[in-house]
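**Student:** Below you will find the structure I want to go over with you.
Quick note: the coordinates plus some simple rules give every number you see, no bench work behind them. No experiment lies behind these values; they were computed from the predicted model shown. Here the Cβ positions follow ideal geometry from the backbone for every residue, glycine too, while neighbour counts run over all protein chains shown.
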Amino acid sequence: DTAVSQTPKYLVTQMGNDKSIKCEQNLGHDTMYWYKQDSKKFLKIMFSYNNKELIINETVPNRFSPKSPDKAHLNLHINSLELGDSAVYFCASSQAGDETDTQYFGPGTRLTVL
Amino acid sequence: DAKTTQPNSMESNEEEPVHLPCNHSTISGTDYIHWYRQLPSQGPEYVIHGLTSNVNNRMASLAIAEDRKSSTLILHRATLRDAAVYYCILRDRGNNNDMRFGAGTRLTVKP
């Protein structure tokens, strides 16, 4: 069974479009995250949600809006896509209060903006 | 979070032990040392973590210096599947949600 899943795996779109990436976890975790990995391979946290509430919001353009309909889902909506948004986006989840607070990552969504 | 320093890359031969170093001279008393790795075209995965004592699990061992200013991830017998980027990350016990990745060490395993 897939623990953290993301759809789509690949997304190719034109500049200016609006797109969404979905994430679901079946681990029963209460915290979910979005990370961005750029072409230089640096992995940076974008958002963190705990029990559907925003905990971390790094310096991310307002065009990026996470939406958490329930604890098992954290979707990422991106408006007015730009070339610089091209990257691999990873979703992750963890259980707050767990001593290790291990984060489990999804397989990633490769976004290419043309 | 306190900063970590790792070599950009390392090479190993298959079935030999690998020691991946990490320096964290500004570590605080409440920082856990976590290691994650990212296999090609996959998301990062947890490897091991520790606070003060050395730790072993099925994937690896973690050796922590007595002053906690450095640590070493040990893969006892490297396999081709262990080729990945290994990240050493400090996480404040009181701020578990935040995880900051550095550049990591790219491990190449030669057959």
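**Student:** Could you compute the net charge surrounding A:S80? Neighbours are other residues with a C-beta less than 9 Å from the C-beta of A:S80; K and R count +1, D and E count -1. Walk me through the numbers before you get to the answer.
**Tutor:** Values: positive: A:R63; negative: A:D18, A:E82.
Computed value for this residue: -1.
**Student:** Choose one answer from A:S80, A:S68, A:S93: the residue with the largest mean-square fluctuation in a GNM of chain A with alpha-carbon springs under 10 Å.
**Tutor:** Largest GNM mean-square fluctuation: A:S80.
**Student:** What's the center-to-center distance, using Cα atoms, between the stretch A:35-56 and the stretch B:19-91 in Å?
**Tutor:** 21
**Student:** Still on this structure, I have one more. Only Cα pairs under 8 Å and at least 6 apart count here; give the relative contact order of chain B as a rounded whole percent.
**Tutor:** Details: 268 pairs, mean separation 41.1, N = 111.
Dividing the mean separation by the residue count of chain B yields 37 percent.
**Student:** Sort B:W35, A:W34 by Cβ crowding within 10 Å, fewest neighbours at the top.
**Tutor:** Numbers: B:W35 23, A:W34 26.
So the residues, fewest neighbours to most, are B:W35, A:W34.
**Student:** Still on this model: Using each residue's phi in the stretch A:100-110, evaluate 6.51 cos²θ - 1.76 cosθ + 1.60 at θ = phi - 60° and report the 3J(HN,Hα) Karplus result to the nearest Hz, with x for Gly and Pro.
**Tutor:** 7, 6, 4, 9, 10, 9, x, x, x, 10, 8
**Student:** Something else: For each of A:L27, B:L20, count neighbouring Cβ atoms within 10 Å of the residue's Cβ, then give the residues from fewest to most. All intermediate terms of the calculation are to be shown ahead of the outcome.
**Tutor:** Working: A:L27 13, B:L20 22.
The most exposed by this proxy come first: A:L27, B:L20.
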